Amino acid sequence: MQDLFERVAETEELAPGAVLLRGFAVRHDRALLAAIEAVAAEAPFRRMTTPGGFEMSVAMTNCGAAGWITDRKSYRYTAEDPQNGRPWPAMPALFSALARDAAAQAGYAGFLPDAGLINRYEPGTRLSPHQDRDEASYDHPIVSVSLGVPATFQFGGPKRADPMKKVSLQHGDVVVWGGPSRLAHHGVLTLKSGEHPLTGCRRFNLTLRKAL
Ligand code: MD3
Ligand code: FE
């Protein structure tokens, strides 16, 4: 697939290596949401449990060769959905194209994701600050796509104590995190009640990674 996502004028550097592409995915919003729905029809959204025994408020599912999971044992990537033992649904071509085009525009040419984690937020849900450290290499960027109700995203630095900045992520926004930002701490504040014409009260976030 070529040139599905065209360059946007508005590119903003949030931090060294982290680029916000405002509205980058908005042109394909319906197709992206339809692809999310198709993935969830095969691998339903579920709330997972952390090794510490807490049930996450955000519901998740995956597509691609590797899917991120957590259970009482560990955080890790698996080839199969533990709920049914089958491989995760294939990565939709639209997701790989978006990841490649967004990464290229942010300065990371040749990015090819093998893991697509889909997070579903409802009012009152949140994602506490963490680092993404379960991938085999940190040399690849992570592409994040926001759809639906806006959320306040917070990000800091490689140390937990580094000060955090806040940015509102809106429907269609894409952020590419790589290089010096790859191990930044980040999280999502409690989702406020809201309404989006395509998603109702929900927010979806798609993170595209090279995990293997
Ligand atoms: C900064 N998801 O799934 S995406 C996650 O909105 C996750 O659902 C959030 O954090 C969400 O792990 C935020 C933005 C993001 C993703 C990966 C990053 C920011 C990042 C990796 C390094 C630094
Ligand atoms: Fe994360």
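Could you check region 30-56 and list, in sequence order, the residues that are open to solvent by 30 Å² or more (accessible area, probe 1.4 Å), farther than 21 Å from Arg76 by Cα and touching a residue at least 12 places away in the same chain (Cβ under 8 Å)?
Arg30, Ala31, Ala38 - these are the residues of region 30-56 that are open to solvent by 30 Å² or more (accessible area, probe 1.4 Å), farther than 21 Å from Arg76 by Cα and touching a residue at least 12 places away in the same chain (Cβ under 8 Å).
Of everything in region 120-147, what is over 13 Å from Ala184 (Cα atoms) and under 13 Å from the mean Cα position of the chain (by Cα)? Give them in sequence order.
Those that are over 13 Å from Ala184 (Cα atoms) and under 13 Å from the mean Cα position of the chain (by Cα): Arg120, Tyr121, Leu127, Val143, Ser144, Val145, Ser146, Leu147.
Within region 11-27, is there a residue that is free of Cβ contacts under 8 Å to residues at least 60 places away in the same chain, under 22 Å from Gly110 (Cβ atoms) and open to solvent by 60 Å² or more (accessible area, probe 1.4 Å)?
yes
Considering each residue of region 115-134, count those that are near ligand 1 (Cβ under 9 Å from one of its atoms) and among the polar types (S, T, N, Q), and give that number.
The total comes to 2.
Being under 18 Å from the mean Cα position of the chain (by Cα) and assigned to a loop (DSSP other than H, G, I, E, B) is the filter; apply it to region 1-42 and report the residue that is modelled with the lowest pLDDT.
Phe5
Every residue, every condition in (1) crowded, with 16+ Cβ neighbours inside 10 Å; (2) under 25 Å from Tyr77 (Cα atoms); (3) not polar (S, T, N, Q), yes or no:
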| residue | (1), (2), (3) |
| --- | --- |
| Gly124 | no, no, yes |
| Ile142 | yes, yes, yes |
| Gly157 | yes, yes, yes |
| Ala161 | no, no, yes |
| Ser181 | yes, yes, no |
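The values are calculated or read from the model by the stated rules, or taken from the named source; none is laboratory data. Quick caveat, the model's predicted, so the values are computed rather than measured. Heads up, the Cβs are rebuilt from the backbone with ideal geometry, glycines too, and the neighbour counts pull from every protein chain shown. For the accessible areas, the whole protein counts, side chains as well, though only heavy atoms, and no ligand, DNA or RNA atoms are used. Shrake-Rupley method; radii C 1.70, N 1.55, O 1.52, S 1.80 Å.
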